[in-house]
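J.: Could you have a look at this structure, given as structure tokens, before my questions?
The values are calculated or read from the model by the stated rules, or taken from the named source; none is laboratory data. No experiment lies behind these values; they were computed from the predicted model shown. Cβ coordinates were reconstructed from backbone atoms using ideal geometry, including for glycine residues, and neighbour counts include every protein chain displayed. Heavy atoms of the whole protein, side chains included, go into the accessibility calculation; ligands, DNA and RNA do not. Shrake-Rupley method; radii C 1.70, N 1.55, O 1.52, S 1.80 Å.
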Amino acid sequence: MNEDIKITRLQDNLSSLRKLAGWTAEELGNQLGVTKQTISNLETKRTPMNKMQYIAIRAVFEKRCYELGENQILKQAIDILVDQDIDDVAGNEYENIKNGFSEAANAAASGVSAAALKGIINTVIPGAAIVSTVSDILEHVSLPWLELNKNKKK
């Protein structure tokens, strides 16, 4: 896949991926050494993502994936939303998949359970080739946002 497409897809999905990592915009900004406004500008596309930002953000997400271990949704979401050429695999299903992950990430940031998250994804991405894969992942997913929410309540 073309590198420009990957940069665009990372920017398109930055908010969802950040939430799946269990971070606020400020926390991701701290990881990158930038302000939460910079993250907000990237997420809302006020500022186009450049190659250096792409590389830095990917490195931070890779580190987070390593911290969370092998069996977690963030790594799978990056693979599906950024790295895979979904249009070739599922015939223009990319927008449905992207929207499904966005809804799941918003729900995850609110602290829903894995079972509820699985239901959201199955509802939002009906018929998508990737649903069964995502559902299988969610059966054994690490949910960093649940720990994040527990810590915030203390």
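J.: What helices (runs of 4 or more DSSP H) lie completely within the range 34-136 and have 2 or more residues being at pLDDT below 70 and of a type in the set (S, T, N, Q)? I'd like the intermediate steps shown before the answer.
T.: Numbers: elements: 36-43, 51-68, 73-78, 86-90, 94-109, 114-124.
Helices (runs of 4 or more DSSP H) meeting the threshold: 114-124.
J.: Hey, does the range 6-14 have a residue that's open to solvent by 60 Å² or more (accessible area, probe 1.4 Å) and either farther than 20 Å from residue 100 by Cβ or out of contact with any Leu (no Cβ under 7 Å at 6 or more places or on another chain) (or both)? Outline the logic, then answer.
T.: Kept after step one, since they are open to solvent by 60 Å² or more (accessible area, probe 1.4 Å), are these residues of the range 6-14: 8.
Next cut, either farther than 20 Å from residue 100 by Cβ or out of contact with any Leu (no Cβ under 7 Å at 6 or more places or on another chain) (or both) only: 8.
The answer is yes; a qualifying residue exists.
J.: Shifting gears a bit: Could you list, in sequence order, all residues of the range 66-86 that are open to solvent by less than 10 Å² (accessible area, probe 1.4 Å) and of a type in the set (A, V, I, L, M, F, W, C)? So that I can check it myself, show each step before the final result.
T.: Kept after step one, since they are open to solvent by less than 10 Å² (accessible area, probe 1.4 Å), are these residues of the range 66-86: 72-74, 77-78, 80-82, 86.
Across the range 66-86, the qualifying residues are 73, 74, 77, 78, 80, 81, 82, 86.
J.: Let me ask you something else. Filter the range 20-33 down to the residues that are assigned to a helix (DSSP H, G or I) and of a type outside the set (A, V, I, L, M, F, W, C) and list them by number. Walk me through how you get there before you give the answer.
T.: Narrowing the range 20-33 to residues assigned to a helix (DSSP H, G or I): 20-21, 25-32.
Scanning the range 20-33 gives 26, 27, 29, 30, 31.
J.: Assess whether residue 17 counts as being in a helix (DSSP H, G or I) and either touching a residue at least 60 places away in the same chain (Cβ under 8 Å) or in contact with a strand residue (DSSP E or B) (Cβ under 6 Å, 6 or more places away or on another chain) (or both). Talk me through it step by step, then tell me what you get.
T.: Working: in a helix (DSSP H, G or I): yes; either touching a residue at least 60 places away in the same chain (Cβ under 8 Å) or in contact with a strand residue (DSSP E or B) (Cβ under 6 Å, 6 or more places away or on another chain) (or both): yes.
So residue 17 passes the test.
J.: Of all the residues that make up the range 42-62, how many are open to solvent by 80 Å² or more (accessible area, probe 1.4 Å) and over 14 Å from the mean Cα position of the chain (by Cα)?
T.: Here is the first cut: in the range 42-62, the ones open to solvent by 80 Å² or more (accessible area, probe 1.4 Å) are 45-46, 48, 51-52, 55, 62.
Within this subset, residues satisfying the condition of being over 14 Å from the mean Cα position of the chain (by Cα) are 45-46, 48, 51-52, 55.
Selection size over the range 42-62: 6.
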